[in-house]
1. Among A100, A75, A3, which is the only one that is more than 24 Å from F119 (Cβ to Cβ) and outside any loop (DSSP other than H, G, I, E, B)?
2. Just need a number here: residues in segment 6-49 that are open to solvent by 40 Å² or more (accessible area, probe 1.4 Å), assigned to a helix (DSSP H, G or I) and among the acidic types (D, E).
3. Identify, by number, the condition in (1) modelled with pLDDT under 95; (2) small (G, A, S); (3) under 20 Å from P32 (Cβ atoms) that G64 doesn't meet.
4. Would a scan of segment 118-125 turn up a residue that is loosely packed, with under 13 Cβ neighbours inside 10 Å and either touching a residue at least 60 places away in the same chain (Cβ under 8 Å) or part of a loop (DSSP other than H, G, I, E, B) (or both)?
5. Go through the residues of segment 132-144 one by one and say whether even a single one is under 28 Å from E28 (Cβ atoms), surrounded by 13 or more Cβ atoms within 10 Å (Cβ to Cβ), free of Cβ contacts under 8 Å to residues at least 40 places away in the same chain and hydroxyl-bearing (S, T, Y).
6. So V73 clears everything in (1) surrounded by 13 or more Cβ atoms within 10 Å (Cβ to Cβ); (2) in contact with a helix residue (DSSP H, G or I) (Cβ under 9 Å, 6 or more places away or on another chain); (3) over 30 Å from M5 (Cβ atoms) except one condition, right? Which one?
7. Of the residues E78, E146, which single one is touching a Leu at 6+ places or on another chain (Cβ under 8 Å) and charged (D, E, K, R)?
8. Please work out which one of (1) open to solvent by 40 Å² or more (accessible area, probe 1.4 Å); (2) free of Cβ contacts under 8 Å to residues at least 24 places away in the same chain; (3) in a helix (DSSP H, G or I); (4) not basic (K, R) is the condition G64 fails and give its number.
Amino acid sequence: MQARMKNPAYILPGAAKGVGMLLQAIGEGGLPRELAEIVGLRASQINGCSACVHGHVHNLRKAGVSEERIASVSAWREAPFYDDAERAALQLTESVTRLADRSHECVPDALWDEVADHFDEKQLSALILVISLTNLFNRLNATIKEPAGITWD
């Protein structure tokens, strides 16, 4: 399987620069890298982006994250492997990723309050940007049919 084209974010120099700046800002936000990969994995699972699922799993394994945690991301509500902060972040990820599925507020105040209890403003900003950027890449990859197998660091 081969992609229809190279990722548009890499073809347009301004886009690549913008993505790089977003990634740098996210890295400066103080959000644990493992959590960023976990929420990226969850958003990518929801969106069916095989390239991003593969990449996030690869990065989590490379970081030494347990197979139990990696394998249970899609069933995090029933899995005992996540703390309260991670659960709040995963719920936020699902709410933001499933905008089209909503029949109510995208991010209810109760969820916002729960997430804000666990993360300071910089970490919360990084979390929101990770979720949003992952959704952007999921949509780019779906459009160009990027196959699983790519990795990034």
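1. Just a single option satisfies the conditions, and that option is A100.
2. Residues in segment 6-49 being open to solvent by 40 Å² or more (accessible area, probe 1.4 Å), assigned to a helix (DSSP H, G or I) and among the acidic types (D, E): 1 in total.
3. (1)
4. The answer is yes, given that some residue of segment 118-125 is loosely packed, with under 13 Cβ neighbours inside 10 Å and either touching a residue at least 60 places away in the same chain (Cβ under 8 Å) or part of a loop (DSSP other than H, G, I, E, B) (or both).
5. Among the residues of segment 132-144, at least one is under 28 Å from E28 (Cβ atoms), surrounded by 13 or more Cβ atoms within 10 Å (Cβ to Cβ), free of Cβ contacts under 8 Å to residues at least 40 places away in the same chain and hydroxyl-bearing (S, T, Y), which makes the answer yes.
6. Unmet for V73, out of (1) surrounded by 13 or more Cβ atoms within 10 Å (Cβ to Cβ); (2) in contact with a helix residue (DSSP H, G or I) (Cβ under 9 Å, 6 or more places away or on another chain); (3) over 30 Å from M5 (Cβ atoms): (3).
7. Exactly one residue qualifies, and that residue is E146.
8. (3)
The values are calculated or read from the model by the stated rules, or taken from the named source; none is laboratory data. Keep in mind the model is a prediction, meaning the values are calculated, not measured. Note that we place each Cβ from the backbone using ideal geometry, even for glycine, and neighbour counts take in every protein chain shown. For the accessible areas, the whole protein counts, side chains as well, though only heavy atoms, and no ligand, DNA or RNA atoms are used. Shrake-Rupley method; radii C 1.70, N 1.55, O 1.52, S 1.80 Å.
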